[in-house]
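Here's the structure, in structure tokens; my notes come after.
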Amino acid sequence: VAAAGRLYTEEDPLVILSSSSLKPAVTNSSSAWIVQFYSSWCGHCIQYSGTWKSLAQDVRDWRPAVGVAVLDCAQEENYDVCKEFNIKFYPTFKVSSVRQLLIDVLQNHTELDRPERCPPLRPHRSAELLPLLGQRSDHFTAVIVEEPESYVGREVILDLLQFSGVEVKRAVSSELPLLDALNITVLPSIYLLQPNGTHTHLHSEKPQRFFFSSLLRSLPGVARQSSSSVPVPVDVQQQSSEPWREFDRSLVYLADLESGLHYLLRVELASHSTLEGAELQVFKDFVTLVAKLYPGGGSVVKLMETLSDWLLTLPLPKIPYQAVLDLVDNKMRISGAYLGAELRWVGCQSSRAGLRGYPCSLWTLFHVLTVQHDARPDALDNTGLEADSAPVLQVMRRYIRTFFGCQECGRHFEAAAASGLKSVHNPEEQLLWLWQQHNAVNTRLAGSLSEDPLFPKAPWPSASVCPSCHEERNGVHVWNRDGVLLFLRRHYGAANLSPRYAA
Ligand code: FAD
């Protein structure tokens, strides 16, 4: 893969080819390839790059079967190869048309010349499917029944390609014996054959690709195959030394927020023996933010207020961190100020030691703070933070850049904030920006080694949790902004914080 081209960078979910890498990449490949030959000086290629990136994003999970790539014909080293491929002009297409074209190309391969990682996309016959009813199996089988010209079934087959635990097949409406046996009257429909031999019609909020795929990905035991060959842990109790804490995924747990603050104050920051200059300012701003916006007004707020007042009245340009620790441990015995000194992960617990926990709690904390700021925009008045149009994100950005132990995360977040925060003008845009940025990180990390199979990294909230957050427009999935806003305000709002397991 060549160095980044001008319109596309290695951050994009596609492969940047050059004359030397094109043929080795596509010849005898186990995947099919769709390569856009573009020219970096051509105006509509520049405008079209957004569409091509959307396509690459849209079919990202089809990766074993299909690779999306670009090659810049304006680069001198590529002149010859563009001539050889007879590239004379640069047309444009809609994402949904290219996606359908891709499926047609994949399906038109014969059994013999099909790239080896492409699944069969042909429809199944009643005679092949009916014998499966009532049979036990070690996985789910989903049957999508649809009109012959519909692409939904094939898109869902490809969307689930990287997932184990479910096999997707399609059948078309002319298979009357199947329609009769399953009592299917609405198309497209999705029918589920369970491992125990029973079968049911699956209810999907909308009969669309995104909803079908999300539903199947959320079935018990269905997980993205790890990109390494590390086996997926199955039994939670055996893998983690911590006792498993039952919890409800629709709630946010104060125990996670408190454990996160405990780690941040007593472990992450404690590696700095003194704080001064810019570091001290970042720390002060973080403490002020939490003191003003942490919901609940309980012992944690009392402690953060005490800490904040102490830091603000302190005339020293440099403080020993031990003094902060003494305060956090409440050596002064200020009544009602307390922060538990143990890690008790609940919504952030993991199936394997070393995953989730602290970074999960940090995201959660800042989502809660953005939602609190949206609910109480005056809360930061007279703190010096109120002048900024995105005060919570600016403090988060500075904290992550200065103190967060994962430097690579810090670099990515700083790059996103540097370019993205200019467009944030009010508390509503602030909470949406963080949600969007978190999703961008989820997408980048899907299938990585830091993914806990019990908590797959995926666009959040899923369609089953928030149907009104999702829509399809011109055949492409889009978020419904109002639906997302409503959901975030509720999910991270003070009324949804559970005190269960908290100190
Ligand atoms: P997390 O991503 O930590 O999410 C925690 C919880 O938040 C989820 O369980 C879900 O309930 C909810 N949630 C998920 N998505 C959203 C959303 N879009 N909006 C609101 N709530 C949501 N790791 C890396 O390997 N590389 C990085 O570059 C990187 N950058 C990071 C940057 C920041 C600022 C932070 C705080 C963490 C970063 N991490 C990075 C860590 C990574 O994002 C995860 O936090 C970590 O892998 C643990 O994942 P998790 O499964 O607990 O889910």
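The values are calculated or read from the model by the stated rules, or taken from the named source; none is laboratory data. Remember, predicted model here, so these are calculated numbers, not experimental data. Don't worry about glycine lacking a Cβ; one is built from the backbone with ideal geometry, like all the others, and counts go over all protein chains shown. The accessibility values were calculated without ligands, DNA or RNA, using every heavy atom of the protein model including side chains. Shrake-Rupley method; radii C 1.70, N 1.55, O 1.52, S 1.80 Å.
Below are the figures for this structure:
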read-out: Additional length obtainable on full extension of the chain from residue 419 to residue 198, 0.36 nm per residue less Cα span; value: 74.4 nm
read-out: Point-to-point label distance, residue 249-residue 444, nm (Cα→Cβ direction, 7 Å offset); value: 2.4
read-out: Net charge dipole size for segment 295-428 [Lys, Arg +1 and Asp, Glu -1 on Cβ; Debye, nearest 20]; value: 500
read-out: Sorted peptide list for 422-429, 188-195, criterion being average Cβ within 10 angstrom, highest first; value: 188-195, 422-429
read-out: Within the accessible area of segment 361-486 (1.4 Å probe), percent carbon and sulfur; value: 52
read-out: Gained length - residue 20 relative to residue 77, 0.36 nm times residue gap less alpha-carbon distance; value: 19.7 nm
read-out: Unpaired by the 4.7 Å Cβ criterion, cysteines found in the chain; value: 118
read-out: Cβ-based charge dipole, the chain, positive-most Cα from 137, 270, 334; value: 334
read-out: Sulfur and carbon atoms: percent of accessible area, segment 72-157 [1.4 Å]; value: 52
read-out: Total charge dipole magnitude, the chain, about the Cα centre, Cβ charges on Lys, Arg, Asp, Glu only, Debye to nearest 20; value: 220
read-out: Reference-scaled alpha-carbon Rg (2.2 N^0.38 Å with N residues) for segment 265-420; value: 1.04
read-out: Approximate shape of segment 71-153 as ellipsoid semi-axes (Cα gyration tensor, √5λ), whole Å, largest first; value: 40, 15, 11
read-out: Per-residue ³J(HN,Hα) for segment 181-198, Karplus 6.51 cos²θ - 1.76 cosθ + 1.60, θ = phi - 60°, Hz, x for Gly and Pro; value: 5, 9, 6, 8, 10, 10, 10, x, 10, 10, 10, 10, 9, 7, x, 7, x, 7
read-out: Cα-centred dipole magnitude for segment 94-152, charges only on beta-carbon of K, R (+1) and D, E (-1), debye, nearest 20; value: 140
read-out: Alpha carbon centroid spacing (whole Å) that separates segment 242-273 from segment 125-146; value: 44
read-out: Rounded accessible area per residue of the chain, 1.4 Å, Å²; value: 48
read-out: Ranked by how many other beta carbons lie within 10 Å on average, peptides 44-54, 89-99 from highest; value: 44-54, 89-99
read-out: Pairs beyond 31 Å (Cα-Cα), from 83/169; 53/206; 23/422; 302/422; 94/457; 23/457; value: 83/169; 23/422; 302/422; 23/457
read-out: Segment 166-175 - phi-based ³J(HN,Hα) in whole Hz, Karplus 6.51/-1.76/1.60, Gly and Pro as x; value: 8, 10, 10, 10, 10, 9, 9, 5, 6, 7
read-out: Linear extension gain, residue 218 paired with residue 164, 0.36 nm per residue minus alpha-carbon span; value: 18.3 nm
read-out: Segment 334-386 versus segment 71-86: alpha-carbon centroid distance in Å; value: 52
read-out: Cα gyration tensor category, rounded, prolate or oblate, for segment 348-486 with a/c compared to 1.5; value: oblate
